[in-house]
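The values are calculated or read from the model by the stated rules, or taken from the named source; none is laboratory data. These numbers were taken from a predicted model, which means no experiment stands behind them. Don't worry about glycine lacking a Cβ; one is built from the backbone with ideal geometry, like all the others, and counts go over all protein chains shown. Areas reflect the complete protein model, heavy atoms only, side chains present, ligands, DNA and RNA absent. Shrake-Rupley method; radii C 1.70, N 1.55, O 1.52, S 1.80 Å.
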There are 2 protein chains.
Amino acid sequence: MSASVTSSSIAANGDGALHAAVRELLIAAGVTYTSNRHAIVEVLLSAGPLTLPEILHERKDLAQSSAYRNLSVLVETGVVRRIVHDHDHARFELDEQLTGHHHHHLVCSQCGLVVDVDLPMALEQELDRALERVATRSGFTLDGHDLDIRGKCTRCCAPVRS
Amino acid sequence: MSASVTSSSIAANGDGALHAAVRELLIAAGVTYTSNRHAIVEVLLSAGPLTLPEILHERKDLAQSSAYRNLSVLVETGVVRRIVHDHDHARFELDEQLTGHHHHHLVCSQCGLVVDVDLPMALEQELDRALERVATRSGFTLDGHDLDIRGKCTRCCAPVRS
DNA sequence: CGCAGAATGAGAATCATTCTCAGTAGAGTA
DNA sequence: TACTCTACTGAGAATGATTCTCATTCTGCG
């Protein structure tokens, strides 16, 4: 647990602290914080959940294979979370332990757009209690939850016929 | 809307009513309820969310390509829902409008097992209200929500080390 | 019966993702 | 500084779930 990190300490500080926390996680896992990995974290920091093509678009110097490989390293070390919906590409975002921001996703079922949203804290707590109960009853050990709100985004609802 | 179906009417009856409702949905979409499609619905009726290999295992007479094609027809007509998590195969289950049973999923992050679970109705209602508010605020039209509870199942938690 | 459109199934094609491998860079060390 | 060891890189090949193609078979209907 030497690399454990409190979300509050990071949320309270700037990007420098976040990168330091990322470095800690990677070092603890026995890998280095290379410039490619730094670049990926930087891109994810600046936007919502991104697909691989979107990440490559932001950083044209990244090789596709390296981006995929580094993303899986970052996922394994808990720096990045891979989220997958019913669209062709998976999306990647910084893990909540780093951003210190628990949130959910609005997902456009038409274009695949994903937007971060928050739920009232009281509801979130109530949810946590209920899920803990439900998981235990089924013999599961609880790790967390993902709440995806399905719908259509403004752009896809817009009157675009003909 | 001639093919609209109230979930209560189906939930109250046996499988016959369900198949009739499926037929209605398909006819309304201009396709027929063939024996292959019937077989798929039958398999999904008898178990939780299944992957394609699992469906083929149950019905060895189904061709892989036909199963995929028919599943996509069933998904497009609202008979079946495709659910995708971080594992290799997507899973398929009957749509809630047919089963009349709103539920969520416990997902084992190790083996990919998916189990249906219910939440207290009061919480579900509170959730609906909150999600409606959140979606509207972001300009989304709400279609529904998916709550996935991440964890490890009994089998994967078990002391299997050496 | 006979036609037309839909469905079937075997295999090929697609495409996101992962793997391979030869070359490179970086940390530690003397 | 030069050396070594190891991890990292990137181009391309391989993998594998899913979709497409197409020739054949079925089905409902006049």
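Odds and ends about this structure:
Yes or no, residue by residue, for (1) in contact with a Cys (Cβ under 8 Å, 6 or more places away or on another chain); (2) of a type outside the set (D, E, K, R); (3) open to solvent by 20 Å² or more (accessible area, probe 1.4 Å):
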{"residue": "B:95", "(1), (2), (3)": "no, no, yes"}
{"residue": "B:121", "(1), (2), (3)": "no, yes, yes"}
{"residue": "B:133", "(1), (2), (3)": "no, no, yes"}
{"residue": "B:145", "(1), (2), (3)": "no, yes, no"}
{"residue": "B:154", "(1), (2), (3)": "no, yes, yes"}
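- Enumeration of residues in region A:109-119 that are open to solvent by less than 50 Å² (accessible area, probe 1.4 Å) and within 7 Å of chain B (Cβ to nearest Cβ): A:115, A:117, A:119
- With respect to being of a type in the set (S, T, N, Q) and either at pLDDT 95 or above or more than 16 Å from DNA strand D (Cβ to nearest atom) (or both), residue A:109 falls outside the description.
- Residue within region B:55-75 that is under 10 Å from the mean Cα position of the chain (by Cα) and open to solvent by 10 Å² or more (accessible area, probe 1.4 Å) present: yes
- Close pairs from region A:134-162: first more than 7 Å from chain B (Cβ to nearest Cβ), partner at pLDDT below 95 and open to solvent by less than 40 Å² (accessible area, probe 1.4 Å), Cβ under 7 Å, at least 6 apart: A:156/A:108
- Note on region A:41-73: among residues that are in contact (Cβ under 8 Å) with a residue 40 or more places away in the chain and more than 14 Å from DNA strand D (Cβ to nearest atom), the one that is farthest from the other protein chains (Cβ to nearest Cβ) is A:45.
- Taking (1) at the interface with chain B (Cβ under 10 Å from one of its Cβ atoms); (2) in contact with an Asp or Glu (Cβ under 7 Å, 6 or more places away or on another chain); (3) part of a loop (DSSP other than H, G, I, E, B) in turn, residue A:102 satisfies each apart from (1).
- Criterion applied to B:30, B:16 was being farther than 30 Å from residue B:106 by Cβ, within 9 Å of DNA strand C (Cβ to nearest atom) and out of contact with any Gly (no Cβ under 7 Å at 6 or more places or on another chain), and the one residue passing it is B:30.
- Selection status of residue B:78, more than 15 Å from residue B:37 (Cα to Cα), open to solvent by less than 20 Å² (accessible area, probe 1.4 Å) and not in a strand (DSSP E or B): no
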